[in-house]
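Asker: Structure below; questions to follow.
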Amino acid sequence: MNKLTLKGKSWMIMLLAVFAFTACDDDDDDIVLDELTAEEFVNQAAVNNLFEIETSNLALQNAETEEVEQFAEQMIEDHTTASAELTALASSKGIAVPTTLPQEEQATRNRLAALNGIPFDKDYMTVQVEAHEEAVALFQRAVDELDDAELRFFAEQTLPILEEHLVMARELKEVTDEL
């Protein structure tokens with residue numbers, strides 16, 4: 001009986017080892033991630049532009065510091081240009097461009113609209129960093145994955161501008177965090 005118990009324990013240990021090895025398998029070849037489609041990219045990029053323009057217009061009204069206002073002016077200029085280019089490209093491809101913000105972005109915009117002065121500056125710059133991190137990730141993904149050559153080229157041309165916006169936003173956020 002003692003030998004059977006010992007033999008049973010040995011089998012149990014072997015089975016646990018096999019399960020442990022298969023559970024730790026890092027081979028993710030069987031996982032297929034959806035590639036970014038032209039429609040998804042246009043939708044997300046258009047929402048990003050619209051959000052940047054709307055929140056930056058709020059900054060022109062509600063910001064306390066001149067640096068935040070100057071940043072907002074640059075965001076309005078650059079994202080209006082990008083929006084016009086994207087809309088023209090999308091239109092030529094028969095892809096609809098959203099003209100209103102989704103609920104989550106609208107809620108953030110509304111929260112910012114209720115703020116003034118230093119509290120606005122701080123929240124706006126936090127939002128700008130987050131929005132530009134998301135935009136950079138989206139545009140990098142578009143560069144890597146989009147099949148549509150014209151949209152991929154647009155993403156390649158716009159990505160460095162977004163990366164510069166992100167650097168500027170992070171630097172200005174550090175300043176506003178100290179206010």
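Asker: Computing the accessible area with a 1.4 Å probe over protein heavy atoms, can you report the carbon and sulfur percentage for region 78-141?
Answerer: Details: 1680 of 3210 Å².
Carbon with sulfur: 52 percent of the solvent-accessible area.
Asker: Answer with one residue from LEU50, LEU138, ALA38: the one whose Cα lies farthest towards the positive end of the charge dipole of region 29-179, charges on Cβ with Lys, Arg +1 and Asp, Glu -1.
Answerer: LEU50
Asker: Further question on the same structure: Gap in Å between the Cα centre of region 50-71 and the Cα centre of region 107-179?
Answerer: Cα centroid to Cα centroid, the span is 13 Å.
Asker: Rounded to two decimals, what is the ratio between the C-alpha radius of gyration of region 29-97 and 2.2 N^0.38 Å?
Answerer: On the way: Rg = 15.9 Å, N = 69, 2.2 N^0.38 = 11.0 Å.
Cα-based Rg divided by the globular estimate yields 1.44.
The values are calculated or read from the model by the stated rules, or taken from the named source; none is laboratory data. All of these numbers come straight from a predicted model, not from anything done at the bench. Every residue, glycine among them, receives a Cβ derived from its backbone with ideal geometry; neighbour counts consider all protein chains shown. Quick note on the areas: whole protein, heavy atoms, side chains included, nothing else; ligands and nucleic acids left out. Shrake-Rupley method; radii C 1.70, N 1.55, O 1.52, S 1.80 Å.
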